[in-house]
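A.B. asks: The following block contains the structure, expressed as structure tokens.
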């Protein structure tokens with residue numbers, strides 16, 4: 001959804017949202033609202049203020065972490081539906097893809113997801129670790 005706003009209107013919207021988030025009972029929302037408020041008042045590097053800036057030279061950026069979480073969730077979904085071995089064959093195009101999983105398989109291919117049976121096992125372990 002694209003909203004046509006001027007820069008001043010965007011800043012005002014960020015101010016309002018920062019206040020709403022800070023008033024929220026969820027600790028994460030309050031933290032995010034406070035970080036946005038600090039950035040609006042004092043400037044600086046927003047990813048650094050949020051504590052999500054990767055160290056210099058690191059490839060473990062917020063975008064890489066987000067991509068990995070998406071890939072892991074899709075790999076796990078595929079493996080749960082047809083088993084890791086069969087899922088690996090489906091992702092490599094060797095076995096037919098179940099109709100209900102076609103969108104997930106297409107997205108995995110777009111993301112360049114690994115397709116070995118071991119990749120499904122590793123993804124499942126990472127997902128399980130995040131669920132604790």
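A.B. asks: Given the conditions (1) over 23 Å from the mean Cα position of the chain (by Cα); (2) under 30 Å from residue 120 (Cβ atoms), and given that residue 54 satisfies all but one, which numbered condition is not satisfied?
C.D. replies: Tallying (1) over 23 Å from the mean Cα position of the chain (by Cα); (2) under 30 Å from residue 120 (Cβ atoms), residue 54 fails exactly one: (1).
A.B. asks: In the stretch 66-78, is there at least one residue being under 30 Å from residue 31 (Cα atoms) and loosely packed, with under 12 Cβ neighbours inside 10 Å? Walk me through it before giving the result.
C.D. replies: Of the stretch 66-78, the ones under 30 Å from residue 31 (Cα atoms) are 66-74.
This time we only want the ones that are loosely packed, with under 12 Cβ neighbours inside 10 Å, so: 66.
Yes.
A.B. asks: Name, by its number, the condition in (1) exposed (fewer than 10 other Cβ atoms within 10 Å of the Cβ); (2) within 30 Å of residue 106 (Cα to Cα) that does not hold for residue 7.
C.D. replies: Checking residue 7 against (1) exposed (fewer than 10 other Cβ atoms within 10 Å of the Cβ); (2) within 30 Å of residue 106 (Cα to Cα), the one that fails is (2).
A.B. asks: Here is a list: 43, 28. Which entry is free of Cβ contacts under 8 Å to residues at least 60 places away in the same chain, over 24 Å from the mean Cα position of the chain (by Cα) and either exposed (fewer than 14 other Cβ atoms within 10 Å of the Cβ) or more than 26 Å from residue 61 (Cβ to Cβ) (or both)? Reasoning before the result, please.
C.D. replies: Values: 28 fails: over 24 Å from the mean Cα position of the chain (by Cα).
None of the others qualify; the one that does is 43.
A.B. asks: With respect to residue 44, determine if the residue is assigned to a loop (DSSP other than H, G, I, E, B) and either within 28 Å of residue 16 (Cα to Cα) or touching a strand residue (DSSP E or B) at 6+ places or on another chain (Cβ under 7 Å) (or both). Spell out how you get there, then give the answer.
C.D. replies: Working: assigned to a loop (DSSP other than H, G, I, E, B): yes; either within 28 Å of residue 16 (Cα to Cα) or touching a strand residue (DSSP E or B) at 6+ places or on another chain (Cβ under 7 Å) (or both): yes.
Yes, satisfied.
A.B. asks: Quick check on my filter: what residues within the stretch 72-113 are outside any helix (DSSP H, G or I) and touching a helix residue (DSSP H, G or I) at 6+ places or on another chain (Cβ under 8 Å)? Talk me through it step by step, then tell me what you get.
C.D. replies: So in the stretch 72-113, the residues outside any helix (DSSP H, G or I) come out as 83, 93-98, 111-113.
Correct list: 95, 96, 97, 98, 111, 113.
A.B. asks: Also, I was wondering about something else. Is it true that residue 16 is exposed (fewer than 14 other Cβ atoms within 10 Å of the Cβ), more than 23 Å from the chain's Cα centre (by Cα) and under 25 Å from residue 129 (Cβ atoms)? If you could, list the steps in order and put the result at the bottom.
C.D. replies: Working: exposed (fewer than 14 other Cβ atoms within 10 Å of the Cβ): yes; more than 23 Å from the chain's Cα centre (by Cα): yes; under 25 Å from residue 129 (Cβ atoms): no.
Judged against the criteria, residue 16 is not a match.
A.B. asks: Check the stretch 88-104 and report whether any residue there is exposed (fewer than 13 other Cβ atoms within 10 Å of the Cβ), within 30 Å of residue 124 (Cα to Cα), assigned by TED's automatic domain parsing to the domain that holds residue 126 and in contact (Cβ under 8 Å) with a residue 12 or more places away in the chain. Reasoning before the result, please.
C.D. replies: Step one: of the stretch 88-104, the residues exposed (fewer than 13 other Cβ atoms within 10 Å of the Cβ) are 92-94, 96, 99-100, 102-103.
The next check asks that each one be within 30 Å of residue 124 (Cα to Cα); those that pass are 92-94, 96, 99-100, 102-103.
Now narrow it down to the ones that are assigned by TED's automatic domain parsing to the domain that holds residue 126: 92-94, 96, 99-100, 102-103.
Then keep just the ones that are in contact (Cβ under 8 Å) with a residue 12 or more places away in the chain; that gives 92, 100.
Yes, the stretch 88-104 contains a residue that is exposed (fewer than 13 other Cβ atoms within 10 Å of the Cβ), within 30 Å of residue 124 (Cα to Cα), assigned by TED's automatic domain parsing to the domain that holds residue 126 and in contact (Cβ under 8 Å) with a residue 12 or more places away in the chain.
The values are calculated or read from the model by the stated rules, or taken from the named source; none is laboratory data. Here the structure is a predicted model, which means the values were calculated and not measured. Glycine also receives a Cβ, built like all others from the backbone with ideal geometry; neighbour counts cover every protein chain displayed.
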